[in-house]
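In what follows, a single structure is set out as structure tokens and then discussed.
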Amino acid sequence: MKADFSKTYNPGEVESRWYGWWESQGYFRADANSTKPAFAIVMPPPNVTGSLHIGHMLNNTVQDAIIRRKRMQGFNTLWLPGMDHAGIATQWVVERELRKEGKTRQELGREEFVKRVWKWKEEYGGNILRQIRRIGSSCDWSRERFTLDEGLSRAVREVFVRLYEENLIYRSKRLINWCPRCMSAISDLEVKYKSSDSKLYHVRYPVKDKPDEFIEVATTRPETMLGDTAVAVNPEDVRYRGRIGQQIILPLVGREIPLIEDSAVDLKFGTGAVKVTPAHDLADFEIGQRHHLAQISVIGEDATITAEGGVYRGLDRFAARKKIVEDLEAQGFLVKVETLKNNIGECERCSTSVEPLLSTQWFVKIQSLADPAIDAVETGRTEFVPSNWSKTYFEWMRNIRDWCISRQLWWGHRIPAWYCSCGEIIVARVDPVQCSKCGSSELRQDQDVLDTWFSSGLWPFSTLGWPDQTADLKAFYPGSVLVTAYDIIFFWVARMMMLGLKFMNDVPFRAVYITGMIRDAEKQKMSKSKGNVVDPLEICDKFGTDAVRFAFARMGAPGTDIAVSDSLLDSYRFFATKIWNAGRFISQHVAASDRLPSIEELRNTNLALVDRWILARLARATQEVRASMEQYNLHEATRTIYRFFWDEFCSWYLEMTKLHPEQSKATLLYVFESALRLLHPFMPFITEELWQGIPHTGESIVIAPYPELESHADDEKAELHAEMVQDLITKVRNIRAEMNVDAKQTVKLRIASTDAGLAALIDEAKNYIHRLASVESIELVAALSGDRLSAQAVAAGCSIEIPLAGVIDPAAERSRLAKAREKLIQEVAGIQNQLSNPDFVSRAPSEVVDEKKRRQVELQDQIEKLSAGIDRFD
RNA sequence: GGGCGGUUAGCUCAACUGGUAGAGCAUUCGGUUUACACCCGAAAGGUCAUAGGUUCGAAACCUGUACCGCCCACCA
């Protein structure tokens, strides 16, 4: 260990020291041919456009803590990293760059544009991966993948072709969500609904041949009336009895449309009559299908009115709305305008209002894929952590709709379908050169690419070499756990489940660990527009990566959001400093000849009470950490480690061993080294740094064994005795503080006991009491003096007394004792109440009853002893 | 309209399978004890949102209510 380290831990230098070495040593590399049990995690691939954001940091912290522990436990661990090509998002970024140069992708042409995106990817794509290294994530970089690389593209193609061959992929003209800015179809999930203040226009539609009759409809989108092909009412609605079948003249257009009935219409809303526009509204589309209505597309892909819109042709949809409302009003069709709160669908990425359009697209027929995926979670083959997220998953899966997978983009996996002028569609694993039906070589490949999530849905097996039957696939599928935030359960988790079960006949992972979201100190969601985004690398620089990781693990119970604040991060920065200083202290006692003892060696030496105690506490902490980690409760594991390290190891043990550093050195080294190993999955850098500086075996803490429970470390007697000593010290300190005894002033301690065992214990522990409570002498007496110039307390089951002539205020002492007694009296009253209840005694488990009785006796004894102290003043 | 989660000390959060609540920060008091003032010691602070129910016993289980948050949904 370096001799010149600072009193305050300086994480920057230490954190830059180790990662390169770990990686070059190959510690993170998995071995497909290992005989050790496998433990595999695939990293949710970040977008190639991205830089590390705070959510990645949380996600990576959890994964890394899990995988590092498993690695230390001797598993053959694989943490597979990679990136997602992120179709729309990446294309958008590169297009924006082009625009700055005054160009468009259309000017460049498809081939040149895609080249340009690849160039962009090579230049910036690795950025986030470097950042992931920076935060210590122990991934196997030799297996890094990209969703558009050759192997994964082959998997995508194979899956597409197989699904097509099984009729699970089809091409169809249907109503889809269209983003007029992205100029592409988007899936249902990519539409975000935003509550908005809209206007509800009431419009009178005249009835044919009945100049006095009208049907009044209400709409928020009057421009779509150009495409109306019916008006619908609820069959139960008495207002329209006898009018069904009437022909209605569509204002401004003059088209005759029928009045129909359909139970989807809500008779309580508006006038109970709905204009039906099958080509621009999903509900209307469905009504249209039921009634075989014509579908008239009046809004085009660019969101302007089509030729079907007559005089409104070419107007943007919102301009058209304005004009149509004006015209309706001018012609006397507009009845009134109300305000209304409704939800407007927007493109998730660019916030443009989504336009439902009739369009020919590719779809995945989803039901037969969803059923096994539902079953897998129902039967527990894949488990959500925490389990309640499975409800969210079921909710979506049970109401799933076919998945629109084609996107009108250039960046992505091109759809492997070719069209022949004879009408034949060829979907093939190998690019066809001629039509299988007519022999023509004039084939044209589909222009569209696949939804990004189609390829990331294959991630758990495509990254392992599928469709080849590779050794990796055999060793590492299914994965052990997937770590992700709840916002992509539908987008990604559900699709991996469906596709994994379909193509691998097994779930892609045994568990899905759902993390919460990181929020700002006010618990607000972070967003660029709010300006409250915290850059993870900035806080790592400021507080230390280890501290940030520990904070995230400590605060991030599964599924729980974390509010990050400076004060939160500070407390774990202080913890890192604490660890550092403990290491600094210990290093001062380490000689070059020291080596790390085994637990057997320790047990065979004559250990001091405190040594046996700390070993017992270490064993307990180890056991608790194990139990917590097995259930992915990182927040419990970190709490245990924090408490053990700070309160027990530093505050009690280190202070006590200062009396006999040489005698305790072996235990001290053993426990500190073990504590570093317990901590390592959470704080990889500082633990390696300190571990390398003390006696250890092996070359890196990364591959040192994780502490496991050693049964022979159980030592209840040592725990009990140490607690008695600590109780004595604490009570003396308490009296000193309450009575304002000068810190430099030592005191005399008298303990009322004739017990030989206690006498032996006190003899063994007297130096600790002297040192830690500033006691100059300890005397065991048969009875306390009972004078009024001393303070009393009950500790370790005995009355104790500290003579404080000249310092003590008898009134204060009396009230102090009375207060202490009152607390005990209240507790004992509660217990007596229970014990006097015959139902409790007969029905509660006997251990509980016995424990209550034992506690009652103990409390009564303490109360009596305190009472004796109080009686002195009466 | 459905679903999920939350409501515990001033603040941020714990409390494993029911046995009258813990930590960090903040607060008060005392400390230049040679690892650490990013520290040490001591203390104060909670009718666990609310009303019922189950139980010998409820922060925990059940039901209702209030408030907050999130997700889903074809309210024109």
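Observations, loosely collected:
- Pairwise label distance in nanometres, A:Glu256 with A:Asp742, each label 7 Å out on the Cα-Cβ vector: 11.3 nm
- Centre separation in Å (Cα based) which lies between the range A:832-864 and the range A:334-392: 57 Å
- The range A:223-303: C-alpha pair distances exceeding 14 Å, %: 59 percent
- In the context of the full set of protein chains, residues of the range A:593-671 present 40 Å² of accessible surface per residue (probe radius 1.4 Å, heavy atoms only).
- Looking at the range A:407-546, the DSSP beta bridges with both ends there are about 60 percent antiparallel.
- Summary of packing: across the peptides A:399-409, A:383-393, A:547-557, A:336-346, the per-residue average of other C-beta atoms within 10 Å ranks them, highest first, as A:547-557, A:399-409, A:383-393, A:336-346.
- Rg(Cα) / (2.2 N^0.38 Å) computed for chain A, rounded to two decimals: 1.28
- Highest to lowest packing among A:805-817, A:573-585, A:54-66, scored as the average C-beta count within 10 Å: A:54-66, A:573-585, A:805-817
- Bridge type composition, chain A - antiparallel percent by DSSP, nearest 5: 70 percent
- Its convex hull of Cα atoms gives the range A:260-375 a direction-averaged projected area, equal to a quarter of the hull surface, of 10.9 nm².
- On the range A:528-659, 46 percent of the accessible area sits on carbon and sulfur atoms, based on a 1.4 Å probe.
- Computed with a 1.4 Å probe over protein heavy atoms only, the accessible surface of the range A:381-499 comes to 39 Å² per residue.
- Computed with a 1.4 Å probe over protein heavy atoms only, the accessible surface of the range A:10-164 comes to 39 Å² per residue.
- Entries in A:Lys748/A:Lys865; A:Lys323/A:Lys525; A:Lys194/A:Lys336 that, when Cα-Cα distance is taken, lie over 31 Å: A:Lys323/A:Lys525
- Cβ-placed point charges (K, R +1; D, E -1), dipole of chain A about Cα centre in debye, nearest 20: 1100 debye
- Pairs beyond 32 Å (Cα-Cα), from A:Lys192/A:Lys391; A:Lys658/A:Lys852; A:Lys268/A:Lys365; A:Lys121/A:Lys192; A:Lys744/A:Lys819: A:Lys658/A:Lys852; A:Lys268/A:Lys365
- Rounded percent of accessible protein surface that carbon and sulfur make up, the range A:1-62, 1.4 Å probe: 48 percent
- Where the Cα pairs of the range A:720-832 fall when distances are cut into 5 Å bins, in %: 2, 11, 22, 24, 19, 13, 6, 2, 0
- Subtracting the Cα-Cα distance of A:Ser567 and A:Glu111 from 0.36 nm times their residue separation leaves 159.0 nm of extension gain.
- Translational diffusion of the range A:8-76, µm² s⁻¹ [Kirkwood Rh, Cα pairs; Stokes-Einstein; 37 °C; 0.692 mPa s]: 228 µm²/s
- Once the chain from A:Arg130 to A:Asp763 is taken as fully extended at 0.36 nm per residue, the excess over their C-alpha distance is 222.0 nm.
- Calculated FRET efficiency for the pair A:Val335/A:Tyr193, C-beta based, R₀ 30 Å, to 0.05: 0.60
- For the range A:526-630, alpha-carbon Rg and Dmax in angstrom: 19.5, 65
- Two-decimal Rg/Rh across the range A:432-561, once Rg and the Kirkwood Rh are taken from alpha-carbon atoms: 1.15
- Full extension of the segment from A:Ile831 to A:Arg381, taken as 0.36 nm per residue of separation minus the current Cα-Cα distance, would add 157.4 nm.
The values are calculated or read from the model by the stated rules, or taken from the named source; none is laboratory data. Keep in mind that this is a model prediction, so the values were computed, not measured. All Cβ positions, even for glycine, are placed from backbone atoms using ideal geometry, and neighbour counts span all protein chains on display. Heads up: the accessible areas ignore ligands, DNA and RNA and are worked out on the full protein's heavy atoms, side chains in. Shrake-Rupley method; radii C 1.70, N 1.55, O 1.52, S 1.80 Å.
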